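What follows draws every value from the coordinates through simple rules; no lab data is involved. Keep in mind that what you see is a predicted model, and the values were worked out from it rather than measured. Every residue, glycine among them, receives a Cβ derived from its backbone with ideal geometry; neighbour counts consider all protein chains shown.
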C-alpha cells in the first residue's frame, strides 16, 4: 500500500482513497471544502513523488509548474511526500552590494546571497531585518544574467520596513531573506503569444524580471510593458526601458501618467485603464501580467478579462499592505 | 438517464459557461457590485462550483451553503431584481453555447428553485 508523508509522519493511503481522504481519516486537519477539485482550498505542494496529472486539473499552469496539486482529487501512483504550499521558508543570509536612489521614495536594492539561490524572475522573496520584521518584495533580477538579487523598494508613509531600508540599511550590511515564492513568472510554453505587462509604481519590478526572462528564453512574439504612475516623475526606469526598446524590436514600452511634466514629452498623459482600452482592445490570445497595489490589480484583472483575456492567461501579483498600515 | 452535466459536455462545458457568464455579470451595473468583494480567482472557482451543481455534476453545494454564503450580500441589499438578473444571464449564456432548449429549461428551473435560499427567506 502507498503512503503519503506530511509534516514528518507517514500515512497509509488505501486503494481508491484520495490523499485528502487519508489525511482526514488520520485526523490531520488540512483546509478543504468542495472535495472535488474546484475550490482549491486543499492546495498542497509536492516534495517527492510523481504527481498524477488528474490531481493538477484546474490549477493555473504556473501553480502546476511549481509542483502544487489538489489532494482531494489525488490518487497517488507511488509514495509521496507533501507540504503546505509556499513553504520556501529556509532563511538565507545576504549582503547589500548597492543601494541606488532612483527617486525620493524609490530605491533599487541589490543583494548578494551567500549561497546559490534559485528563483524565477517575477517571484518574490521575504526580507527579514535585524528586528525580525519581515516583508515581501518582488525580484527584478534574472538568475542567469545577474549575480545579485535586485529589489525595487518604495518608501511607504507608515511602512516600518521601507523606513528601515531607506534610513538605516547600508552597503555591506547583512540582511536575511527567504523564498522564492509566487506564481507571477514567464512560462516557456507561451513563447508564441503576445504578452502585456502592466504595472503601477514598484509593480514594475517583477515585470522587469519577467521581461528579461522572456528575452533570454527567445520569446518570439510581441511584448508590451505599460508602466503607470500618478506623476511622470514616477516612471523611474524610463531611460533604461526606452534603451531596451532600441535593442529589441519585439518590445514596446508604454509609460503612462496622470500628470505629466512639460519636459516629459515621451510619457503619455492618460490613465492605464484608458490606454489599455484604446490600444489593446482585444486580448483573447494574450498573456497578461499585472502587478501593483491590490485595488489596481483587481481593477485591471477585471478589465482585461472583459476585453477577452482568458482567465488562465491572466497572472497577477498584488502588493498587499500590512493591516497596520491601512 | 444521463445527467445534464454529461449531456452538455461536463467540465469543459462548465469552463466555457463560466467565462461567458462571469463576463456578463461583471458588465451588468445592476449586480456587479455583489461580485466585486473577492478576487477573481476565488470568484471564478465559486462560479465553476455553482454551475457544476446546477448542471447536476459532482459538487458539494447544498441549500444551507447557498443561504449562509449569500447572507452578507442580503445584508447589502441583495433582492429579487438581482436574482432575476443572474437568471437572465444564465439563460443567455446557455443559449449562446447552443445548449438545447429543453435542457436550458431544466437548468433554469433548478436555479430558480434556489431563490429563497439565496435571498434568505
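The C-alpha radius of gyration of the protein assembly as shown, expressed as a fraction of 2.2 N^0.38 Å, stands at 1.07. Considering every alpha-carbon pair of segment A:110-264, the percent of pairs per 5 Å bin, from zero through the bin containing the longest distance, is 2, 8, 17, 20, 19, 16, 11, 6, 2, 0. How would segment A:228-326 be classified by its alpha-carbon gyration tensor: rounded, prolate or oblate, with rounded meaning a/c under 1.5 and the a/b versus b/c comparison settling the rest? In terms of gyration-tensor shape, oblate. Spatially, segment A:1-50 and segment B:91-121 are offset by 35 Å when compared through their Cα centroids. With no solvent and one point on each alpha carbon, what is the Debye value of log10 I(q)/I(0) for segment B:78-118 at q = 0.14 Å⁻¹? Debye curve over Cα of segment B:78-118, log10 I(q)/I(0) at q = 0.14 Å⁻¹: -0.30.
Peptide A:28-38 has a mean of 4 when you count, residue by residue, the C-beta atoms of other protein chains within 10 Å of its C-beta. With contacts taken as Cα pairs under 8 Å and at least 6 residues apart, chain A reaches a relative contact order of 13 percent. In terms of other Cβ atoms within 10 Å, B:12, A:205 run from fewest to most in the order B:12, A:205. Counting Cβ atoms of other protein chains within 10 Å of each residue's Cβ and taking the mean over peptide A:301-307 gives 4. The mean number of partner chain beta-carbon atoms within 10 angstrom of a residue's beta-carbon across peptide B:7-16 is 1.
Calculated over segment A:119-165, the projected area of the Cα convex hull averaged across directions stands at 3.5 nm². For the peptides A:37-49, A:258-270, residues were scored by their other Cβ atoms within 10 Å and the scores averaged per peptide; the highest-first order is A:37-49, A:258-270.
Measuring r between the beta carbons of residue A:271 and residue B:12 and using R0 = 45 Å, the FRET efficiency lands at 0.75.
Hey, what's the Cα Rg ratio for segment A:1-128 versus the globular rule of thumb, 2.2 N^0.38 Å? Write out the running numbers ahead of the final one.
Details: Rg = 18.9 Å, N = 128, 2.2 N^0.38 = 13.9 Å.
Scaled against compact globular proteins, the figure is 1.36.
Let me know the shape class of segment B:18-86, please: from the alpha-carbon gyration tensor, a ≥ b ≥ c as square roots of the eigenvalues, rounded when a/c is under 1.5, otherwise prolate if a/b is greater than b/c, or oblate. It comes out oblate by the Cα gyration axes. For the protein assembly as shown, the antiparallel share of DSSP beta bridges with both residues in that region comes to about 55%.
Judged by the mean number of other Cβ atoms found within 10 Å, the most tightly packed of the peptides A:293-302, B:31-40 leads the ranking A:293-302, B:31-40. Normalising the average separation of contacting C-alpha pairs (under 8 angstrom, six or more residues apart) by the number of residues puts the relative contact order of segment A:1-82 at 38 percent. For segment A:138-224, the alpha carbon convex hull comes to 113 Å³ per residue, rounded to a whole number. Computed over chain B, relative contact order equals 34 percent, with contacts defined as Cα pairs under 8 Å that lie 6+ residues apart. Can you give the percent of C-alpha pairs in segment A:49-109 whose distance is more than 12 Å? Cα-Cα pairs in segment A:49-109 separated by more than 12 Å: 76 percent. Between the Cα long axis of helix B:40-54 and the first principal axis of chain B there is an angle of about 50°, rounded to the nearest 10.
If you bin all the Cα-Cα distances of segment A:66-188 at 5 Å, starting from zero, the percentages per bin are 2, 10, 19, 22, 17, 12, 7, 5, 3, 2, 1, 0. Distance from the Cα centroid of segment A:199-269 to that of segment A:117-160 is 20 Å (rounded to whole angstrom). Taking 0.692 mPa s as the viscosity and 37 °C as the temperature, the Stokes-Einstein diffusion coefficient of chain B based on its alpha-carbon Kirkwood radius rounds to 225 µm²/s.
For segment A:1-72, the square roots of the Cα gyration tensor eigenvalues, ordered a ≥ b ≥ c, give a/c of at least 1.5 with a/b greater than b/c, which places it in the prolate category.
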